[in-house]
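Below is one structure, written out as structure tokens; the observations come after it.
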Amino acid sequence: PVAFLTAHHGLHGIAGLQRGQRVLIHAAAGGVGLAAVQLALRVGAEVFATAGSNEKREHLLAMGVSHVMDSRSTAFAETVMRLTQGEGVHVVLNALAGDFIPAGLSTVAPGGWFLELGKRDIWTPQAVAERHPAIRYRAYDLGDDVHAQPSMLAPLLGEVLAGLDDGSLTPLPVTSFALSQAAD
């Protein structure tokens, strides 16, 4: 559930993602990414996603993601801006580092959110404000936020469980290995 809770907290709790808005989800074939894709599609957002292999990109397309790009190239930024006629996206859920951060920031529409999940090369709010004053920025960690406000966890978990119960969300894929394979 941590992947769903992390994605839900960012997309809905912080950014307030709504039907018709555009969201860019980086590393969308990972745990938090897959949860974020489901949550965004569920609310009726237009999803732009990046993933690192053809197989992962094909999986995202099969899930109903409209626009899937390579997460190993900053070319996604140009593609997003072209596909949105220069408007950009309302929310970026970022998990990439280095040159991918300024590329991602360049895709955010004025008033939009850049949500940082990464732990490496992250920017300070001041650095973002200096270069992109019209963008709202937040680096967040679900564990830190729950520690600061424990009462947020139960309602958040309740919303995710309700989605799993009514079928509007599906469990993330799991690969099990036998204990005898632990050394391998």
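The values are calculated or read from the model by the stated rules, or taken from the named source; none is laboratory data. Note that the structure is predicted; figures quoted are calculated from it, not measured. A quick note on method: Cβ atoms are made from the backbone with ideal geometry, for glycine too, and the neighbour counts reach across all protein chains shown. The protein model used for the area step is the full one, side chains on, heavy atoms only, and it has no ligands, DNA or RNA in it. Shrake-Rupley method; radii C 1.70, N 1.55, O 1.52, S 1.80 Å.
Overview of values
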quantity: Residue-level accessible surface for I122, protein heavy atoms, 1.4 Å, Å²; calculated: 70
quantity: Modelled FRET efficiency - R0 35 Å, D99 with H147, Cβ distances, 0.05 increments; calculated: 0.65
quantity: Length released on extending from S66 to R138, taking residue separation times 0.36 nm less the Cα-Cα span; calculated: 23.3 nm
quantity: Accessible surface ranking that places the most exposed of F100, F76 first, with a 1.4 angstrom probe; calculated: F100, F76
quantity: Most fluctuating residue given options D166, D141, D121, as computed from a GNM of the chain linking Cα atoms under 10 Å; calculated: D166
quantity: Gaussian network model of the chain, springs between alpha carbon atoms under 10 Å - residue of R22, R72, R136 with greatest fluctuation; calculated: R72
quantity: Distance from segment 48-122 to segment 142-182 (C-alpha centre basis), Å; calculated: 24
quantity: Mean Cα-pair separation over length for the chain, i.e. relative contact order, pairs under 8 Å, 6 or more apart, %; calculated: 19
quantity: Three semi-axes of the equivalent ellipsoid, segment 87-139, Cα gyration tensor, whole Å, largest first; calculated: 15, 12, 9
quantity: Per principal axis, descending, Cα span of the chain in whole Å; calculated: 50, 40, 35
quantity: Per-q log10 I(q)/I(0), segment 116-171, q = 0.19, 0.28, 0.30 Å⁻¹ (Debye; single scatterer per alpha-carbon; no solvent); calculated: -0.83, -1.02, -1.08
quantity: Spin-label pair T124/L172, simplified geometry with 7 Å Cα→Cβ offset, distance in nm; calculated: 3.2
quantity: Residue among V68, V37, V160 with the largest mean-square fluctuation in a Gaussian network model of the chain, springs linking Cα atoms under 10 Å; calculated: V160
quantity: Efficiency of FRET between D165 and E87 - r from beta-carbon atoms, R0 41 angstrom, step 0.05; calculated: 0.70
